[in-house]
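Following: one structure in structure tokens, then a few remarks.
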Amino acid sequence: MLNKYSDNVYYSDYGLYDDRPILGYIKGDKYALMVDAGNSEAHARQFLAEVEEKGLPKPDFVVLTHYHWDHTFGLSALDMPSFASEETYELINRAPKEWNNDLFRKYCEEGNIEPFCQEHMAYEYPDFSVIRIALPTITFKEELKIDLGNQPVLFKKQINPHSTDGVIVYAEKERVVFLGDSTSLELKGPDWIKHPDKLQKLYDYLETLDYDTCFHCHFDPIKKANLYDWLKDNF
Ligand SMILES: [Zn+2]
């Protein structure tokens, strides 16, 4: 379901079994932006259908918050320019290009897919041969600001505990931040690893931004005033 945050900001529900992340939607006077591409073409298409059902304009662009499968495997279904950091581009480019159920088992056996992801991927993909890896069209090194029409949006690569390529998306006029998974721990093999120093850097940066609500891709929206309490066990 697509949830309304404000007249110009919407976000989809997150999934548990399929690990579908929240996808964001930010609208300006001229253009609309989708935040993250979804974990499959089916997920991306569902989001576009929900945008249409609400009578909202189709997104003109999509931005990726990081390279993980659940945020990028829907990109091949999106007929629009996509933004990502250079590092996200490189990391997606390293993903296996060929997929089917036998290859999925092989990638798992070789240790290329974390057990946590294996479970969710198997739920999302009864047939892995539908996966087509697509690369972003426009890259930036550290940050990029776009204007959707009286609606500036900043894409900022930011040190964070979850992944080295994490980008946060800040819509200053709407007073919202899309965090991707950046406040989460790092998943390495079967383990979730804390990086208190990196989390502190991320938190300190977020404190400098003027916003009311942030959206983590796998949780309910969080008010700025509650962010520290929500994160404090991970510092
Ligand atoms: Zn992630």
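The values are calculated or read from the model by the stated rules, or taken from the named source; none is laboratory data. Predicted, not measured: the structure shown is a model, and the values here were computed from it. Virtual Cβ from ideal backbone geometry, glycine too; neighbours counted across all protein chains shown. SASA here: full protein model, heavy atoms, side chains in, ligands and nucleic acids out. Shrake-Rupley method; radii C 1.70, N 1.55, O 1.52, S 1.80 Å.
Overview of results
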{"quantity": "Single residue of segment 45-77 satisfying the filter (more than 16 Å from the chain's Cα centre (by Cα) and aliphatic (A, V, I, L, M)) that is farthest from F116 (Cα to Cα)", "calculated": "L56"}
{"quantity": "Within segment 163-205, tally of residues that are surrounded by fewer than 16 Cβ atoms within 10 Å (Cβ to Cβ), of a type in the set (K, R) and either over 26 Å from N150 (Cα atoms) or within 12 Å of the ligand (Cβ to nearest atom) (or both)", "calculated": "3"}
{"quantity": "Test result for F215, buried (at least 16 other Cβ atoms within 10 Å of the Cβ) and touching a residue at least 12 places away in the same chain (Cβ under 8 Å)", "calculated": "yes"}
{"quantity": "Enumeration of residues in segment 146-191 that are under 27 Å from I113 (Cβ atoms) and without any contact (Cβ under 8 Å) to a residue 40 or more places away in the chain", "calculated": "S184, E186, D191"}
{"quantity": "Counted residues, segment 20-34 - those being outside any strand (DSSP E or B), open to solvent by less than 20 Å² (accessible area, probe 1.4 Å) and in contact with a helix residue (DSSP H, G or I) (Cβ under 9 Å, 6 or more places away or on another chain)", "calculated": "2"}
{"quantity": "Positions within segment 51-75 being crowded, with 24+ Cβ neighbours inside 10 Å and within 16 Å of the ligand (Cβ to nearest atom), in sequence order", "calculated": "V63, L64, T65, H66, H68, D70, H71, T72, F73, G74, L75"}
{"quantity": "Condition check for S182: among the polar types (S, T, N, Q), modelled with pLDDT of 95 or more and more than 22 Å from Y25 (Cβ to Cβ)", "calculated": "no"}
{"quantity": "Conditions (1) open to solvent by 10 Å² or more (accessible area, probe 1.4 Å); (2) part of a loop (DSSP other than H, G, I, E, B); number of the one not met by A42", "calculated": "(2)"}
{"quantity": "Helices (runs of 4 or more DSSP H) completely within segment 47-120 that count 1 or more residues being within 30 Å of L154 (Cα to Cα), in contact (Cβ under 8 Å) with a residue 24 or more places away in the chain and of a type in the set (A, V, I, L, M, F, W, C)", "calculated": "69-72, 86-93"}
{"quantity": "Residue pairs meeting the criteria (Cβ under 9 Å; at least 6 apart or on separate chains; first within 18 Å of S182 (Cα to Cα), in segment 9-28; second among the basic types (K, R) and more than 16 Å from the ligand (Cβ to nearest atom))", "calculated": "Y11/K4"}
{"quantity": "Filtered residue count, segment 121-158, keeping only those that are open to solvent by 20 Å² or more (accessible area, probe 1.4 Å) and within 15 Å of the ligand (Cβ to nearest atom)", "calculated": "3"}
{"quantity": "Residue among L16, L78, L48 that alone is within 16 Å of the ligand (Cβ to nearest atom) and open to solvent by 10 Å² or more (accessible area, probe 1.4 Å)", "calculated": "L16"}
